[in-house]
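Asker: Got a structure for you, written out below as structure tokens; questions coming shortly.
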Amino acid sequence: MRPTVRTSNRIVLPTVGLILGVCMVFPIYMMIISSLRSETTVFDFQLLPIEFHFSNFQEAWSGSGLPRSIVNSLFISVTVTVVAMIFHAMSGYALARLHFPGRKLIFAWMLSTLMVPFSIIMLPLYLITKDLGMANSYWGLIVPSIFNAYGIFLFRQFYRDFPKELEEAAYMEGLSLAGTFFRIAFPLSVPIIVPLTIGFFLANWNSYLWPLIITQDEKLWVIQLALAHLVGGGYYTPWNVVLAAAVIAAIPTFILFFLAQRYLVEGIKMSGIK
Amino acid sequence: MAIRPSPSRLEGGSTVAPRRISARTRNEWFTAYGFLLPNIIGLFVFVFLPILYAFYASLHDWNALSPKVFAGLDNYRKLLHDDEWWSSLKITLLFSVVYVPLLYFLSLLSALLMNALRGWTTGLTRTLFLLPFAITSVISAIIGMFMLDPRNGIINSLLGLAGIGPQQFLGSTSQAMYSVIGVILWINVGYNMIIFLSAIKEIPRDYYEAASMDGATGWKSFRYLTLPLLSETSTFILIVTTIGSFQALDQILVMTQGGPANSTEVSVLYIYKQGFQFLNMGYASSLAIALFVIIFCLSLFQLKLFSRKQG
């Protein structure tokens with residue numbers, strides 16, 4: 001008997017969706033359970049975790065500079081995100097709410113920087129950062145990553161719809177314009193700050209190419225560099241340890257994903273709106 | 001185009017002073033410039049200046065051994081006859097032509113599927129689809145290398161179950177590019193799916209009711225209702241994805257470094273090698289400028305193409 005449209009929608013579609021969804025996370029699942037295998041059985045194709053070699057994690061943690069690179073990545077990502085939120089909110093606020101000569105021109109110029117792909121400027125950016133004496137330092141890892149017209153644009157969109165009455169009340173209270181922004185507008189910007197913070201943090205945690213270019217010193221390695229180094233070396237890769245390191249490195253983003261999926265989705269949606 | 005606003009634009013409560021600028025207005029200007037200054041300096045030094053610098057460097061013969069010497073358009077003449085550059089462009093184009101349509105259709109289909117789902121599995125399925133997005137590019141490359149291992153990889157085990165012999169994947173000049181594309185697709189479908197899904201959800205339900213009264217359901221309502229209403233989102237995704245596809249480098253650097261036999265050496269990687277490995281700063285800059293022009297023209301062309309279709 002042919003199923004009716006109704007049953008197909010109620011049973012077939014959800015089943016297809018779940019099967020496809022399981023296929024999507026299958027590689028992640030395999031990474032996790034294979035990270036618990038021994039060096040010789042790591043490639044064995046078994047769907048269930050039957051071995052639990054937690055020593056892989058000990059080895060990954062102690063052998064590869066992983067802890068230091070995680071601290072570096074956390075420090076860099078948090079610093080970039082915090083500074084970027086303040087700078088971008090200030091600029092977005094000025095562009096949305098304040099009146100001054102050249103406003104449109106400055107905004108258009110800032111937006112035009114969005115057309116410049118990173119990979120096109122990576123070499124001159126390296127040369128400039130080096131000339132500023134920031135190469136191979138935390139400065140070089142942090143400072144160039146802060147500036148991004150995209151954040152400014154989204155803050156501007158947000159402040160354009162911000163209720164005027166609050167600012168007028170603040171002005172009556174005798175607050176300066178800067179005071180109005182820092183005491184009133186910025187603290188009320190949580191709806192835009194949360195998704196942008198998640199986006200900036202993830203982007204910086206993900207960052208691989210720029211740290212690869214700007215650092216030589218192993219002490220400055222970020223997590224993605226440390227991971228890439230594990231598989232980029234010689235002819236032999238101890239996959240059980242490499243996968244354990246990858247699992248450790250994935251933990252912060254997974255925590256963020258499960259705690260803040262709603263805001264993550266919100267951030268993605270915002271990025272799709274022109 | 002009036003860049004300088006007239007005094008009457010001060011709806012914000014400021015006094016209108018046609019000649020003398022009031023203290024409050026001046027204060028507003030200072031505050032605004034102060035708020036903009038960090039970003040103006042930062043964007044200038046770290047985005048705008050590099051582009052100018054790249055152009056300047058591209059006109060010079062400049063490498064690790066010799067100092068900078070003005071060379072006019074020599075570097076651009078050189079790239080016209082550089083076989084490796086042309087081959088890298090061809091590989092980039094192949095990547096784009098395979099990756100962009102696949103990403104577009106997979107994320108659109110996933111979004112349609114999510115939109116059609118009802119009941120308790122909906123949230124779970126969406127989470128499953130989006131989870132690979134939480135994987136960083138380097139981790140995705142590591143997982144790819146592990147699963148696609150030519151001797152023992154899980155994908156080969158699965159193929160073995162289907163009676164297909166082991167494949168070389170990253171070790172094969174014909175398969176390496178597709179393997180990399182697969183990995184990059186895997187972590188990016190969820191993101192674009194969410195963008196499509198939110199656009200689909202914005203289409204008012206009565207549109208579909210009206211369409212179904214006219215006899216348009218299923219494929220017809222998708223073809224003549226959903227798809228046209230998604231055209232703006234489609235344009236956005238196609239342009240952003242195309243630009244992104246010209247820049248894919250992380251996974252390639254980790255998984256293949258351009259090999260085997262340069263079969264995955266995309267243009268960005270060739271620029272990277274010229275600049276950071278062979279230290280041909282001038283030449284690498286001319287390649288970067290050339291690629292920038294190509295990406296720019298391609299985006300304009302796409303924008304024109306799609307806006308004409310809509311209009």
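Asker: Which of the helices (runs of 4 or more DSSP H) found entirely inside segment A:37-152 contain at least 2 residues meeting this: closer than 30 Å to residue B:158 by Cα?
Answerer: Of the helices (runs of 4 or more DSSP H) lying wholly inside segment A:37-152, those with at least 2 residues that are closer than 30 Å to residue B:158 by Cα span A:55-63.
Asker: Out of segment B:269-310, which residues are polar (S, T, N, Q) and part of a helix (DSSP H, G or I)?
Answerer: If the condition is that a residue be polar (S, T, N, Q) and part of a helix (DSSP H, G or I), then B:274, B:277, B:285, B:286, B:299, B:302, B:307, B:310 are the ones that fit.
Asker: Here is a further query. With B:135, B:139, B:155, B:164 as the choices, which residue is open to solvent by 10 Å² or more (accessible area, probe 1.4 Å), within 28 Å of residue A:17 (Cβ to Cβ) and within 14 Å of chain A (Cβ to nearest Cβ)?
Answerer: None of the other options fit; the residue is B:155.
Asker: Now for a separate question. Quick check on residue A:253: is it among the hydroxyl-bearing types (Ser, Thr, Tyr), closer than 30 Å to residue B:278 by Cα and touching a Phe, Trp or Tyr at 6+ places or on another chain (Cβ under 8 Å)?
Answerer: no
Asker: Just the residues that are over 25 Å from residue B:281 (Cβ atoms) and in contact with an Asp or Glu (Cβ under 8 Å, 6 or more places away or on another chain), please, taken from segment A:91-150.
Answerer: Passing the criteria: A:97, A:98, A:99, A:100.
Asker: Another one. Identify all residues within segment B:274-311 that are within 11 Å of chain A (Cβ to nearest Cβ), open to solvent by 10 Å² or more (accessible area, probe 1.4 Å) and within 21 Å of residue A:232 (Cα to Cα); write none if there are none.
Answerer: Once the filter is applied, which keeps residues that are within 11 Å of chain A (Cβ to nearest Cβ), open to solvent by 10 Å² or more (accessible area, probe 1.4 Å) and within 21 Å of residue A:232 (Cα to Cα), segment B:274-311 yields B:274, B:276.
Asker: What tally of residues in segment B:49-76 results from selecting those that are in a helix (DSSP H, G or I) and surrounded by fewer than 18 Cβ atoms within 10 Å (Cβ to Cβ)?
Answerer: 6
Asker: Looking for something surrounded by fewer than 20 Cβ atoms within 10 Å (Cβ to Cβ) and assigned to a loop (DSSP other than H, G, I, E, B) - is there at least one such residue anywhere in segment A:244-251?
Answerer: no
Asker: Taking the residues in segment B:93-107 that are surrounded by fewer than 22 Cβ atoms within 10 Å (Cβ to Cβ) and touching a helix residue (DSSP H, G or I) at 6+ places or on another chain (Cβ under 7 Å) as candidates, determine which candidate is farthest from the other protein chains (Cβ to nearest Cβ).
Answerer: B:98
Asker: With the structure loaded, tell me whether residue B:98 is in the same structural domain as residue B:246 (by TED's automatic domain parsing), in contact (Cβ under 8 Å) with a residue 60 or more places away in the chain and within 30 Å of residue A:77 (Cβ to Cβ) or whether it fails that test.
Answerer: Judged against the criteria, residue B:98 is not a match.
Asker: Could you check, for segment A:164-183, whether at least one of its residues is part of a helix (DSSP H, G or I), among the acidic types (Asp, Glu) and in contact (Cβ under 8 Å) with a residue 40 or more places away in the chain?
Answerer: Within segment A:164-183 (the criterion being part of a helix (DSSP H, G or I), among the acidic types (Asp, Glu) and in contact (Cβ under 8 Å) with a residue 40 or more places away in the chain), the answer is yes, since at least one residue qualifies.
Asker: I need the full set of residues from segment B:227-268 which are under 16 Å from residue B:138 (Cα atoms) and either hydroxyl-bearing (Ser, Thr, Tyr) or not in a loop (DSSP other than H, G, I, E, B) (or both), in order please.
Answerer: B:250, B:251, B:252, B:253, B:254, B:255, B:256, listed by residue number.
Asker: Of the residues in segment A:212-234, how many are in a loop (DSSP other than H, G, I, E, B) and not aromatic (Phe, Trp, Tyr)?
Answerer: 6
Asker: Okay, next question. Among the residues that make up segment B:118-127, is at least one of them open to solvent by 70 Å² or more (accessible area, probe 1.4 Å), within 14 Å of another protein chain (Cβ to nearest Cβ) and not basic (Lys, Arg)?
Answerer: yes
The values are calculated or read from the model by the stated rules, or taken from the named source; none is laboratory data. Keep in mind that what you see is a predicted model, and the values were worked out from it rather than measured. We place every Cβ from the backbone using ideal geometry, glycine too, and count neighbours over all the protein chains shown. Please note that ligands, DNA and RNA were not included when accessible areas were found on the heavy atoms of the full protein model with its side chains. Shrake-Rupley method; radii C 1.70, N 1.55, O 1.52, S 1.80 Å.
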